[in-house]
Amino acid sequence: MVKVLHIFGQMVRHGAEVRTIELMPEMARRNIGFDFCTLLPDAGELDADIRDLGGRVVTCPLKTDVRTFPRRFLALLRSSDYDIVHCHSHYFSGYLLRLAHKAAVPGRIAHFRSMGDGRRLTPARRLYHWAMRRMIDRHATAILAVGRGAMECAWGPLWRSDPRCQVVHNGFDLTRFENTAVDRPGVRREFAVPHDGFLAVYVARFIPEKAHDILLTAAALVMPKDPGLHVLLVGDGDGRPAVEALAHDLGIEHRVHFTGVRDDVPRLLKASDCFVSTSRREGLPGAVLEAIVANLPVIATDLPGVREIAEYTDLISIVPVDNSDALARTLADTLNRCRSGPPKERPFPREFSLQQCAERLYDVYRRQLRPTTGQSG
């Protein structure tokens, strides 16, 4: 069996981590096993899921003792005889791949999953990016990204001329949606939404990048003209109290429903009328793809990953980033269209299926174990 070590900060229930774990059964059928190394000391909520699927989770804390990290990480790699190290740590992947090269791991993959790390570009930060990019260039045998926009942002507009670079879209397991019944009456009773009310849903962590404030501001513009509109906010995070306070200040708190973290997201999506994403930064927005699985009309901000998904479906309406007025107009238009009936059923684009992702990743892994010209090392 080919042994792959994936490196994350912590195995929390975020998009990249969940999408990688969902690949494990598909890759096991192809004789590829996944283990996970985390750089934070605390256990992750997905650790048990990984073990249930036959994988191993090991911690190699970075900040606990920075000086001993290289020795500990090298010992981990050398003791387990991994064929491939697959890093999901944005530019810090460069340093990890340098150590993997030192440990003589044949396959060394940097995987970009977002448009950046969200930090301010100070001179020191620019120097850090330059140094890490140089390490990636010297030591990566493959450079992956979840979308063209993420790749261009991370690696530059000439990425297509680098044979190591490849876009591998995240893949979605459709079975959770296929096995979930539509429960509009039950969801509406749970959140006290009228049976004929219009439910707009947003699934996202409460962090500044997700721009919940833009959605609530737009909803406040629409609600006086349309008293049937309700907003369902699924997720949690440090920014939730501020969003709750904004809903109160706007006078719409009785029509904005905070669900917290849920394990029945497919049920909530299938009971809603449209999906809204006001994110300011994404790689390939997984929540948008989940909404498309549920056949929901989607209103999403103008990001490269959103435009890339929109090439494969007509369910998406794109609005400018940080523009509550444009969002309000599109939300009102979508509400009016939905009153004439739900959108016709559309097949989910195979480009974003779990099987397609597994096939492409399997091909990447095979090439790591069969070196070709043009690979660094």
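Structure notes:
- Residue among Ile299, Ile207, Ile109 with the largest mean-square fluctuation in a Gaussian network model of the chain, springs linking Cα atoms under 10 Å: Ile207
- Just checking the listed ones, Ser80, Ser317, Ser89: in the Gaussian network model of the chain with Cα springs under 10 Å, the one fluctuating most is Ser80.
- Each of Arg184 and Glu209 was given a label point 7 Å from its Cα along the Cα-to-Cβ line. The distance between the two points is 3.5 nm.
- Highest mean packing comes first when the peptides 142-155, 11-24, 252-265, 36-49 are listed by Cβ atoms within 10 Å, giving 142-155, 11-24, 36-49, 252-265.
- Computed Rg/Rh of the stretch 264-330, alpha carbon atoms with Kirkwood Rh: 0.94
- The stretch 53-112 and the stretch 273-317 have their alpha-carbon centroids 33 Å apart.
- Across the stretch 23-131, the convex hull enclosing all Cα atoms gives 129 Å³ per residue.
- The stretch 80-140: mean projected area of Cα convex hull, nm²: 4.2
- Normalised by 2.2 N^0.38 Å, with N the number of residues, the alpha-carbon radius of gyration of the stretch 290-377 equals 1.55.
- The stretch 175-245 versus the stretch 118-146: alpha-carbon centroid distance in Å: 37
- Projected onto its three principal axes, the C-alpha set of the stretch 114-230 covers 59, 37, 20 Å, listed from the longest axis down.
- Convex hull volume per residue in cubic angstrom - Cα atoms of the stretch 175-349: 107
- Charging the Cβ of each Asp and Glu at -1 and of each Lys and Arg at +1, and nothing else, the dipole of the chain about its Cα centre rounds to 1560 debye.
The numbers here are math on the coordinates, done by the rules we state, and not lab data. Bear in mind that the values here come from a model prediction, so they are computed numbers and not experimental data. Cβ: placed from backbone, ideal geometry, glycine included. Neighbour counts: every protein chain shown.
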